[in-house]
Structures are given as C-alpha cells and as structure tokens.
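The values are calculated or read from the model by the stated rules, or taken from the named source; none is laboratory data. Since this is a predicted model, take the numbers as computed values, not measurements. Neighbour counts are summed over all protein chains in view; Cβ atoms, including those assigned to glycine, are modelled from backbone coordinates with ideal geometry.
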C-alpha cells in the first residue's frame, strides 16, 4: 500500500518526502482526501519503459502539449492544474 500525503503536508515537508521517494517509496498525493497524483522514483520500471521507447525513437515527445487532437477533451467536474496552482497561490 502506498503512503498518502496531503498537498499542504507535502509542501511543508517536501525535502523529507523527496528523500523517501529517492529511497524507493511511492506516495499518493491527495487534496481534501481525494487522490490527485502519484510521486514515484525516477528509476521505476514504468519510467524505464517509457524512456526506452524514447531512446528507440518509438515514442517522441518534445516537451510541448500533444498535437493532433481535433477536439478539446472536456473534463467534467475536474479543474485544470493551472486552476489548482492559482487557488494555492491565493492562500
């Protein structure tokens, strides 16, 4: 089972949580008890697979937003990351 941590707690003790992740621990980041993200070590099997695809030129990503979608994806009831950041800055 992954350890859960709230955003405020993560911000307050970020260095400590980064050390835990570096030692192999995985974290579920939550906001108001609802999971919103995972924090995993960079060297995990999932990321190794993705980077292998990038190195083999099977998968390409230049760091920008994906292109080619004809329609915008509508997220019902969810906020954009930028909205969470703006709200957090107002606190």
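Here is a list: 31, 46. Which entry is over 22 Å from residue 81 (Cα atoms) and within 16 Å of the chain's Cα centre (by Cα)?
One residue alone meets the criteria, 46.
What number of residues within the stretch 18-37 satisfy the criterion of being surrounded by 12 or more Cβ atoms within 10 Å (Cβ to Cβ) and either in contact (Cβ under 8 Å) with a residue 24 or more places away in the chain or in contact with a strand residue (DSSP E or B) (Cβ under 8 Å, 6 or more places away or on another chain) (or both)?
Final tally of qualifying residues: 11.
For the stretch 32-48, enumerate the residues that are outside any loop (DSSP other than H, G, I, E, B) and within 14 Å of residue 3 (Cα to Cα).
Those that are outside any loop (DSSP other than H, G, I, E, B) and within 14 Å of residue 3 (Cα to Cα): 34, 35, 36, 37, 38, 39.
Does residue 15 meet the test of being out of contact with any strand residue (DSSP E or B) (no Cβ under 8 Å at 6 or more places or on another chain), modelled with pLDDT under 80, in a helix (DSSP H, G or I) and at negative phi?
It is false that residue 15 is out of contact with any strand residue (DSSP E or B) (no Cβ under 8 Å at 6 or more places or on another chain), modelled with pLDDT under 80, in a helix (DSSP H, G or I) and at negative phi.
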